[in-house]
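Since the structure comes first, as structure tokens, the remarks are kept for the end.
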Amino acid sequence: MQCAQTLTRTPADAPLPVVVAGRQFPTNRGGLCQKGWTSAEVLRAKDRVTTPLIRTADGGFREAGWDEALDLIATRLASLQSEHGKDAVAIFGGGGLTNEKAYALGKFARVVLGTRFIDYNGRFCMSSAAAASNRSLGLDRGLGFPLADLAGADAVLVVGSNMGVTMPPFVQHLAGVRERGGLVVVDPRETVTARLTHDDKGIHLAPVPGTDLVVLLALAHVVIAEGLTDGAYLERRTTGLDEVRRSVASWWPERAEAVCGIPADELRRTARLLAAASPSRGGRGAYVLTGRGLEQMSQGTAGVTAAINLALLLGLVGTPGSGFGPVTGQGNGQGGREHGQKSDQLPGYRMITDPAARAHVADVWGVTPDTLPGPGVPAMQLLDALGTVNGPKALLVHGSNVVVSAPNADQVRADLGRLDLLVVADLVPSETALLADVILPVTQWAEEEGTMTNLEGRIIRRRQAAEAPGEARSELWILAALAARLGVPTGFPTDPREVFDELARASAGGKADYSGITYDRLDRGEALYWPVPAAGHAGTPRVFLDGFPTPDGRARLIAVDHHAPDDDVRAEAPLYLVTGRVLQHYQSGAQTRRVDELVAAQPEPFVEVHPLLADRLGLTEGTVAVITTARGEGMATVRLTEAIRPDTVFMPFHWAGVGSANRLTNDATDPISGMPEFKVTAVSLAPARVTEGAPA
């Protein structure tokens, strides 16, 4: 969410380089979560990488100078491409990189390496939401409205997001809708966010895992069947109503109840609540928000499409005081997917297959369009191809810890093992970095200048407040140095301001148009939401008010239907495993597991189990359970809770080793977005044998 912080430099002999305090800002209003308050600890992690490291013959690492490390990398890359072609090298980026670094990484892949193989860990985060938004609304810009707008709504539907844990300051914006009893949370667990509906503050719907789409189809059915749609809006601003009407006709509430487990009367009550809140029926407004619980499915794009359909049926999208939006997860999850890290995109959210887009970007880059490679493949296809006959032989990883964060993680580890060269740029020796041939030390948030784009589409300045330790360098410096060694001595500036100015030019005319944004405007405190297509343009806090960026200016209602999870429950795996975050840790935990205060609060992997299920299986609080899936076994400490369905267990995904949830999750993907099905996996559960020990 990019919670604003005030960083105060400390004396040279202080244990930490900065002191962190919350700062008044529209998104967090001065609030920070535990991760925010302790964030400076990561800058001085005990095992922080401060010099390049090169793997030795005995499997360890030795320190090296930058020239030696970069010369080695460049020589190996050139040799592999000479032997196997340009696509012998791949890049895997991250949603935490600044806009400038994400842009430079995409440019480096296409101009210096000439490879089509680039993707990033945002594929595991926002890809289904992006795919659905683009095809239905013509644009993917996260929320599409300032977060503060939620305060005035009569209803907010949250499907698959636990922002009470993942971004606690967000909850402040739900106070108004809770007072009016209009918060609706769809989640198979009674999460912190779901508990916000208690005491008549709203409704919590706990569906069978993998059936969130059915809930949305049933809500749409009720809205249409009971005449609760905004007919004038649908006539004026949308197409596809007849197809959607026919598709949801078969999802009457009683049928939906048989699949998703939500009582038919609750589905009707929820639909009526949302309709009553919509402006067309005299309400103050309503919002539909989605999160990873809906999106990280093999039908994730269909799920988000159904959420958009519901919002369109009620006339919410592009109506002041109402709207639809996915809640972005990573620090720069929005900006990271706009300027070239995705396999099929160029800066400005342009498609790499579009001849006009290629011509414009090539002109900015000083190359000819025909030299730019074509589209690559989504993350899981890329990882699966590593080291194969026709796949990449080398991989450069920036801002990602794939052997913990990717599904079927043991297979990903094996994929990396087939490479001739693995280079990882990171601040700590993450699990992925420890597999590398070369580790490059990089700067972090308080040590660098740049910009991020938050979940609202607002561009935010990041300012340097501390010096990086040792020999750590920015990715901008690393990419420029590698480019020079690979025969491209110009075109890769190391000054973030200069990189941003080029990014702005490259984005001009694209969907994500930053061409009117400058550091000077941001430093003056201007609140700039893209698109900002000219120097004098004030930005676009709320999109879709005047139409949709589609050929006819209308949003598309798109018919979708439900199918069972790829890895569905069965006799030998009768339980659902769902995964998610805990308050104290973030993503793969590579950083937060190095903060003593956070580790003390959440020290180990665990599995949440309902007491009824635990009693049936012979599990008790604090004992160790073995979790088995089609991909292997894991172990975790049992935590008993009634806040979960008896047919479901929950594991956080922040740990490696035997307690790694993503060693168990399924790598089947959505056919449109390439999103893996993290959020529902069939498992069996049993007590660990005494000799198996506790999770590491």
Of all DSSP beta bridges having both residues in the chain, the percent classed as antiparallel (nearest 5) is 45 percent
Under Stokes-Einstein, region 482-563 at 20 °C and 1.002 mPa s, with its Kirkwood radius over C-alpha pairs, diffuses with a coefficient in µm²/s of 138 µm²/s
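Within the set 342/393; 101/511; 107/342; 101/679; 101/342, which residue pairs have Cα atoms separated by over 22 Å?
101/679
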Highest mean first, how do 54-61, 371-378 rank when packing is the count of other Cβ atoms within 10 Å averaged over residues? 371-378, 54-61
Exactly which GluC sites (Glu not before Pro) in region 607-695 are in a DSSP loop and have at most 13 other Cβ atoms within 10 Å? 621, 642
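Tally up the carbon and sulfur contribution to the accessible surface of the chain as a whole percent, 1.4 Å probe, everything protein left in place. List each step's numbers first, then the result.
On the way: 12020 of 23460 Å².
Ligands and nucleic acids excluded, carbon and sulfur give 51 percent.
Determine the shape class of region 112-242: with a ≥ b ≥ c the square roots of the Cα gyration tensor eigenvalues, call it rounded for a/c under 1.5, and otherwise prolate if a/b is greater than b/c, oblate otherwise.
Working: a/c = 1.72, a/b = 1.21, b/c = 1.42.
Oblate shape, in that a/c is at least 1.5 and b/c is the bigger or equal ratio.
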Dipole magnitude (debye, nearest 20) for region 1-139, charges at Cβ of Lys, Arg, Asp, Glu: 640 debye
Charge dipole of the chain built from unit charges on the beta carbon (Lys, Arg +1; Asp, Glu -1), centred at mean Cα; most positive-end Cα among 80, 481, 206 is 206
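For the peptides 295-306, 15-26, what is the packing order when you average, over each peptide's residues, the other Cβ atoms within 10 Å and list the highest mean first? Provide the component values of the computation, followed by the final result.
On the way: 295-306: 30.0, 15-26: 15.4.
Descending mean neighbour count gives 295-306, 15-26.
At 10 °C and 1.306 mPa s, grab the translational diffusion coefficient of region 156-219 from Stokes-Einstein with a Kirkwood Rh over Cα pairs, rounded to a whole number in µm² per second. Please report the intermediate quantities before stating the final value.
Numbers: Rh = 11.8 Å.
D, rounded to a whole number, is 135 µm²/s.
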Under 1.5 on a/c is rounded, so check that first for region 575-633, then, if it is not, pick prolate when a/b is larger than b/c and oblate when it is not; a ≥ b ≥ c are the square roots of the alpha carbon gyration tensor eigenvalues. prolate
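Using the Cα centre of region 164-304 as the reference point, and only Cβ charges (+1 on K/R, -1 on D/E), how large is the resulting charge dipole? Debye, rounded to the nearest 20. Working shown, then result.
Working: 16 positive and 16 negative charges, 65 e Å.
Here region 164-304 has a charge dipole of around 320 debye.
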Counting just the Cα atoms, what span does region 310-407 cover along each of its three principal axes? Round to the nearest Å and put the largest first. 51, 39, 23
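Give the accessible surface of region 1-141 per residue, rounded to a whole number of Å², with probe radius 1.4 Å and ligands, DNA and RNA excluded.
Numbers: 5100 Å² over 141 residues.
Dividing the accessible area of region 1-141 by its residue count gives 36 Å².
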Accessible surface, per residue, of region 166-288 when the full set of protein chains is kept, probe 1.4 Å, Å²: 38 Å²
Could the peptides 588-596, 239-247 be put in order, highest first, of the mean number of other beta-carbon atoms found within 10 Å of their residues? 588-596, 239-247
Might you report the magnitude of the Cβ-based charge dipole of the chain about its Cα centre, with Lys and Arg at +1 and Asp and Glu at -1, to the nearest 20 debye? 1080 debye
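The values are calculated or read from the model by the stated rules, or taken from the named source; none is laboratory data. Bear in mind the structure is a predicted one, so any value in this text is a computation, not a measurement. No Cβ is skipped: glycine too gets one built from the backbone with ideal geometry, and neighbour counts run over all protein chains shown. Calculation scope for accessible area: heavy atoms of the full protein, side chains included, ligands and nucleic acids excluded. Shrake-Rupley method; radii C 1.70, N 1.55, O 1.52, S 1.80 Å.
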